[in-house]
Amino acid sequence: MTLSEELILHQKINLPYRYTAGTVTETFLEGLTERTIRGTRCAACGHFSVPARPFCPVCSEHTSSTEDVEPLGHLESWTETPHESGSRVFALIRIADADNVALHLVDADPNTLEEGMALEPQWTPDPEAEITAIRAWRPIRET
Amino acid sequence: MTAENPLRLEYVANFEYAYAAGRYASRFMTALRDEAKLHGTRCDECDVVLVPPRPVCGLCGGATSDWLEVGPTGTITGYTVVEIPFIDPMTGRERPVPYGFAFIRLDGADTNIYHFLEENRHDHLEIGMSVEAVFKPPDERTGTMADIVNFRTLQEK
Amino acid sequence: MGRAAAVVAVGPTDHASRRLDVSIPEMVREAVDRCLASKDLSFGQIDAIVIGNMELFEGINLPELWMATAIGAAGKPMYKLNNGGTVGASVAVAADHLVSSGLYDTVLGIGYEKQSEGETQSAITTVGDPAWERAVMAGAIGNFAVMASTYVAASGVTPEQAAQVAVKSRRNACRNPHAHLCRPDITVEQVLASRVLAEPVRLLDMCPSSDGACAIVVAAEGRAEQVTPRPAWFAATATAHDTQFMGDSPQRLARMRSLIAASDRVYAKAGIRDPRQDLDVAEIYEPATYAELAMYENLRLCDWGEGGALIDEGVTEIDGEIPVNPSGGVLATNPVGATALIRVAEAALQVMHEAGDHQIADADIALATGYGGNAWTEALILRGGRP
């Protein structure tokens, strides 16, 4: 066989999707539209998760109904990543008295951050926003 | 967000790929694009002519070595008229219905390819009808199976 | 050969065109909870998990990681399969192999699909080779209809005979509380009057698009009898492929090379000489009425060309000589990634004598099949009583 010109086929896979959130996630997202953060407690082992989850991340049992929590976070750890519109700080934040930590953005100069620092949510002005309702977390300024 | 109207998160996934066609498809597609000619390979073991051309026979597993020109005429070996639309993921749009769709055995080949038919009236089609490939004009051919617009029937049912 | 393994517990979900009440992990959990609860089992007794679906149908990559919490998989071995309509049967076969090899004593097998969340017809098109097939595919239904036309030409089956399969399925489904499409009053005339999707296939000739999941527990000899008094033993399993291009043989449906190879192998292993006589019940993966008739022939339930006669004579009805799909089958319930596992689960329930209103009396030997991409077949023989 003689070698011929090799072709490259440029193709797309373009598909629409619609994901059902489910009751627990829906209740959590609904809370965000009302500026409320919600968690769930495992009915079996007591593990408290924020954000709310349908199943316990430790023992996989069903969780009990969602609870509203204090909109207060504590900084566990963070990293600075370059971004075209300035660097971003991604952080692991323990929300209220959760047993887990959540990944979110922190809006602050990384040089001023300290482990255990208290954080508050910075809400977006968009009243329709769900998962994007918290734009970022920021250090609570002492008054 | 209510029990009657649960939250559904809607989005479109749009992925772009660049597939290497490989030696066999490249040779076939280049001849299709440049000369409007179709080719198959012959199995050294069982002698069948395979379209798409390939290095190993799909029927007996034997090696192939000869390339042969096949078509552009052929025979309908199975057919339908599709009346249910679906989104073609290559374009993100629905292909208009109805359209004829068939197995075609190109003259000189022993295997069949799926392709579209110009005829979209089911009662005007039958197995065994002679057809001929309708090629796009040379300046519109890019080296894909879509360089064949469809197959036109050469006889009345 | 290894040690004997058996299905000991089965859990279906409820099925619907759209399960808007649950997310995917919650839907899968429904099947797992029902499966474990049916035999008083818990996550602590599960050694490993096998899970399968079709990723592009929901557009979620590595879904097994994303739902590990929901299925009790954290810290355990989990194997994911993704091989088309066959996948659910492959999950069962993999679970059997993991147990019979001695690697694990108790394995949870899961299949699921939430078809309402994506575009199945479109996603299926991406199985086509990018160079040869993607630009000239017509979805699962269009491609199948071309194959059906060749089967009609080869066998002479009529639309009326195909319609009888549709009627049998939707009536049987009314005996199965977990089936999606129960139509107690459906008639041949209604099937023939339903709209054409792609000749010769009409709406009621085709399987539905379902949201649902299925779970099974497979346990080793010794353990299995502790879980349930009458386990469904894996007597034989076989996997076979056909070649890539549908058009290599226009008789892809009339002569299904992979189904013939896989079923012949399990018949030989299980000592089945005359499947019509020796099998008590079959749960087969029939995506459309014409496929079921063709499969009768390929499975040697009748001679070549006699598929239509078999349904005419009522041989495969729930009270017939060899009942096929007493659960309603794929034509009644089709969450793709779960569909072939439902075949295995239903075959298991039959030989466990737990199939409820669609139980075939004294069923002892059952056939289950999975079929995917027109190329890949799994065949299984399950046997009640002793291994």
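Note down the net charge around C:P159, summing +1 for each Lys or Arg and -1 for each Asp or Glu among other residues with Cβ under 10 Å from its Cβ.
Counting the neighbours of C:P159, the net charge comes to -2.
Mind sorting C:T239, B:T80 by how few other Cβ atoms lie within 10 Å of their own Cβ, fewest first?
C:T239, B:T80
Measure nothing but the geometry: give the 0 to 90° angle between the long axis through the Cα atoms of C:159-172 and the longest principal axis through the Cα atoms of chain C, rounded to 10°.
Here the helix axis deviates by roughly 30 degrees.
Report, to the nearest 10°, how far helix A:23-33 tilts away from the longest principal axis of the Cα atoms in chain A, using its own Cα long axis and a range of 0 to 90°.
Compared with the principal axis, the helix lies near 80 degrees.
Would the stretch C:308-387 count as rounded, prolate or oblate if I go by the C-alpha gyration tensor, calling it rounded below 1.5 in a/c and otherwise prolate when a/b exceeds b/c, oblate otherwise?
Oblate, because a/c is 1.5 or more while a/b does not exceed b/c.
Given DSSP loops and a limit of at most 16 other Cβ atoms within 10 Å, what is the longest stretch of chain C that contains no such GluC sites (Glu not before Pro)?
No qualifying site falls inside C:1-312, the longest such stretch.
Consider just the alpha-carbon atoms of the stretch B:1-138 and return their Rg together with their Dmax, both in angstrom.
In Å, with Rg to one decimal and Dmax whole: 19.6, 66.
Report the relative contact order of chain C, percent, no decimals, based on alpha-carbon pairs under 8 angstrom and at least 6 residues apart.
26
Please compute the net charge surrounding C:L197, taking Lys and Arg as +1 and Asp and Glu as -1 over other residues with Cβ under 13 Å from its Cβ.
-1
Around A:V101, under 15 Å between beta carbons, what's the net of Lys plus Arg minus Asp minus Glu among the other residues?
Here the count lands on -2.
Considering the dipole of the protein assembly as shown built from charges on the beta carbon (Lys and Arg +1, Asp and Glu -1) around the Cα centre, which of A:W78, C:G84, B:I148 is farthest to its positive end?
C:G84
With 10 angstrom as the radius, rank C:H241, A:H47 by how many other C-beta atoms surround their C-beta, starting from the fewest.
Neighbour counts put them in this order, fewest first: C:H241, A:H47.
What list do you get for B:F116, A:F48, C:F234 if you sort them by fewest beta carbons within 10 Å?
A:F48, B:F116, C:F234
So for chain B, averaging the separation of alpha carbon pairs under 8 Å that are six or more residues apart and normalising by length, what relative contact order in percent results?
Reported relative contact order: 20 percent.
Do any trypsin sites (Lys or Arg not before Pro) in the stretch C:239-332 lie in a loop, going by DSSP, with at most 14 other beta-carbon atoms within 10 Å of their beta carbon, and if so which?
C:R273
About its Cα centre, what dipole magnitude does the stretch B:22-153 give when the only charges are +1 on Lys and Arg Cβ and -1 on Asp and Glu Cβ, stated in debye to the nearest 20?
340
If you count the DSSP beta bridges with both ends in the stretch B:28-157, what percent of them are antiparallel, to the nearest 5?
95
List the aspartates and glutamates whose Cα sits under 18 Å from the Cα of B:K157, skipping any in the same chain fewer than 8 residues away.
Here the aspartates and glutamates satisfying the reach criterion relative to B:K157 are B:E118, B:E119, B:D123, B:E126, B:E132, C:E199.
Amide H neighbours of C:V50 under 5 Å, at least 5 residues apart or on other chains, H built in the peptide plane: list them.
C:Y79, C:L108, C:G109, C:I110
How high is the relative contact order of the stretch C:153-222, given as a whole-number percent (alpha carbon pairs under 8 Å, six or more residues apart)?
Once normalised by length, the contact order is 26 percent.
Quote the charge dipole size of the protein assembly as shown about the Cα centre in Debye, to the nearest 20; the model charges only the Cβ of Lys and Arg (+1) and of Asp and Glu (-1).
About 700 debye.
Could you give the angle, 0 to 90 degrees to the nearest 10, between helix C:336-352's Cα long axis and the longest principal axis of the Cα atoms of chain C?
Its long axis makes an angle of about 70 degrees.
Rounded, prolate or oblate: which one fits the protein assembly as shown, using the alpha carbon gyration tensor with axes a ≥ b ≥ c (rounded when a/c is under 1.5, else prolate when a/b beats b/c, else oblate)?
Cα axes put the protein assembly as shown in the oblate bin.
Please give the charge dipole size of chain A, origin at the Cα centre, charges +1 on K and R Cβ atoms and -1 on D and E Cβ atoms. Round to the nearest 20 debye.
With Lys and Arg at +1 and Asp and Glu at -1, about 280 debye.
To the nearest 0.05, how large is the calculated FRET efficiency for A:R35 and C:D129 if R₀ is 56 Å and r is the Cβ-Cβ distance?
0.60
Just to confirm my understanding: which cysteines in chain C have no other cysteine beta carbon less than 4.7 Å from their beta carbon?
C:C35, C:C207, C:C214, C:C302
With each pseudo-label sitting 7 Å past Cα toward Cβ, what's the B:K136-A:D68 distance in nm, one decimal?
6.0
On a C-alpha basis, how far is the centre of the stretch C:9-72 from the centre of the stretch C:141-156 in Å? Whole number, if you could?
The stretch C:9-72 and the stretch C:141-156 have Cα centres spaced 35 Å from each other.
Enter the Cα centre distance for the pair the stretch B:82-157 and the stretch C:301-348, rounded to the nearest angstrom.
34
For the stretch C:42-103, state which chymotrypsin sites (Phe, Trp or Tyr not before Pro) are in a DSSP loop and have at most 15 other beta carbons lying within 10 Å of their beta carbon.
In loop regions of the stretch C:42-103 (DSSP not H, G, I, E or B), there are no sparsely surrounded chymotrypsin sites (Phe, Trp or Tyr not before Pro).
When a/c reaches 1.5 or more, the comparison of a/b and b/c decides; with that in mind, is the stretch C:124-218 rounded, prolate or oblate per its Cα gyration tensor?
Here the stretch C:124-218 falls in the oblate category.
Simple spin-label model, 7 Å along Cα-to-Cβ: C:Q277 to B:E16 in nm?
6.5
What does the average come to when, for each residue of peptide B:51-62, you count the partner chain Cβ atoms lying within 10 Å of its Cβ?
3
Each reported figure results from applying straightforward, stated rules to the coordinates on display, with no laboratory input. The model shown is predicted, which means the values in this text are computed figures rather than measured ones. As a convention, Cβ positions derive from the backbone with ideal geometry for all residues, glycine included, and neighbour counts pool all protein chains shown.
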